[in-house]
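The values are calculated or read from the model by the stated rules, or taken from the named source; none is laboratory data. On a predicted model such as this, the values are computed, not experimentally measured, just so you know. All Cβ positions, even for glycine, are placed from backbone atoms using ideal geometry, and neighbour counts span all protein chains on display.
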Amino acid sequence: MPNATDDEQAIRDLDAQWGAAASRGDVDAVVALYAPDGSLVWPGEPAVHGTAAIRDAWHKMVKDYPKLSLRFTAERVVVSAGGDLASDFGRVDLGFDAPTGRTAMSAKYLVVWRREGGAWKVLYDSWNTDSAS
């Protein structure tokens, strides 16, 4: 039987790995965190589904936001009673180089994880800011 406390910590650890991989520009490591049928629901972009589309979206993110840095801070991780799904809600701090200099912003995120073969994989990845600016 899965242990919710261990699973919560595993997801928090995966959040840290995700941020580190994205901050290195390691798209392959980021994409490896997603389920093959995973989806991105990012602000201002059409939803994308599946590994190829997720890879393309992350390549675009790394290209459009030079020297991207991400840090996820989970505020609430809830593992389902069956231990096969988990929700991960929190804050993400983003930084990148813009023409005007280093830019930083914070946003909230919601990720749904699914256990696949004993490993947690991202099924849905969504984030947004508190304002339109």
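Considering only residues that are among the acidic types (Asp, Glu) and more than 16 Å from residue 60 (Cα to Cα), look in the stretch 4-39 and name the one that is surrounded by the most Cβ atoms within 10 Å (Cβ to Cβ).
Taking the stretch 4-39 first, the residues among the acidic types (Asp, Glu) are 6-8, 13, 15, 26, 28, 37.
When the remaining residues are screened for being more than 16 Å from residue 60 (Cα to Cα), the result is 6-8, 13, 15, 37.
Details: 6: 11, 7: 19, 8: 17, 13: 11, 15: 23, 37: 11.
Of everything passing the filter in the stretch 4-39, 15 is surrounded by the most Cβ atoms within 10 Å (Cβ to Cβ).
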(message) If I filter the stretch 88-111 for residues that are aliphatic (A, V, I, L, M), more than 20 Å from residue 44 (Cα to Cα) and in contact with a Leu (Cβ under 8 Å, 6 or more places away or on another chain), do I get at least one hit?
(response) no
(message) Residue under question is residue 84, and the condition is that it be without any contact (Cβ under 8 Å) to a residue 12 or more places away in the chain and among the acidic types (Asp, Glu); does it hold?
(response) no
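Report those strands (runs of 3 or more DSSP E) wholly inside the stretch 27-133 carrying at least 2 residues which are within 16 Å of the chain's Cα centre (by Cα) and over 30 Å from residue 3 (Cβ atoms). First the steps, then the outcome.
Details: elements: 34-41, 69-79, 85-98, 101-116, 119-128.
In the stretch 27-133, 85-98, 101-116 are the strands (runs of 3 or more DSSP E) which contain 2 or more residues that are within 16 Å of the chain's Cα centre (by Cα) and over 30 Å from residue 3 (Cβ atoms).
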(message) Between a residue in the stretch 1-16 that is in a helix (DSSP H, G or I) and any residue that is at pLDDT 90 or above and among the charged types (D, E, K, R), which pairs come within a Cβ distance under 7 Å, given they are 6 or more apart or on different chains?
(response) 11/88; 15/88
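Among the residues of the stretch 118-129, write down those that are more than 14 Å from residue 34 (Cβ to Cβ) and without any contact (Cβ under 8 Å) to a residue 24 or more places away in the chain. Spell out the reasoning first.
Applying the first criterion (more than 14 Å from residue 34 (Cβ to Cβ)) to the stretch 118-129 yields 118, 127-129.
Across the stretch 118-129, the qualifying residue is only 118.
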(request) Restricting attention to the stretch 43-86, report how many residues are under 13 Å from residue 111 (Cβ atoms) and loosely packed, with under 15 Cβ neighbours inside 10 Å. (result) 4
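Consider residue 37 carefully, then state whether it is without any contact (Cβ under 8 Å) to a residue 60 or more places away in the chain and of a type in the set (Asp, Glu). Please lay out each step first, then the result.
Numbers: without any contact (Cβ under 8 Å) to a residue 60 or more places away in the chain: no; of a type in the set (Asp, Glu): yes.
So residue 37 does not fit the description; no.
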(request) Would you check which residues across the stretch 28-52 are closer than 14 Å to residue 122 by Cβ and not small (Gly, Ala, Ser) and list them? (result) 30, 31, 33, 34, 36, 37, 40, 41, 42, 48, 49, 51
(request) Can you give me the number of residues within the stretch 87-100 that are exposed (fewer than 14 other Cβ atoms within 10 Å of the Cβ) and touching a residue at least 40 places away in the same chain (Cβ under 8 Å)? (result) 0
(message) Condition (residue is at pLDDT 95 or above and either polar (S, T, N, Q) or farther than 23 Å from residue 23 by Cβ (or both)) applied to the stretch 92-101: is it met by at least one residue?
(response) no
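Taking the stated definitions as given, is residue 27 farther than 21 Å from residue 89 by Cα, free of Cβ contacts under 8 Å to residues at least 40 places away in the same chain, in contact with a helix residue (DSSP H, G or I) (Cβ under 9 Å, 6 or more places away or on another chain) and of a type in the set (A, V, I, L, M, F, W, C)?
Values: farther than 21 Å from residue 89 by Cα: yes; free of Cβ contacts under 8 Å to residues at least 40 places away in the same chain: yes; in contact with a helix residue (DSSP H, G or I) (Cβ under 9 Å, 6 or more places away or on another chain): yes; of a type in the set (A, V, I, L, M, F, W, C): yes.
Here the answer is yes, as residue 27 does meet what is asked.
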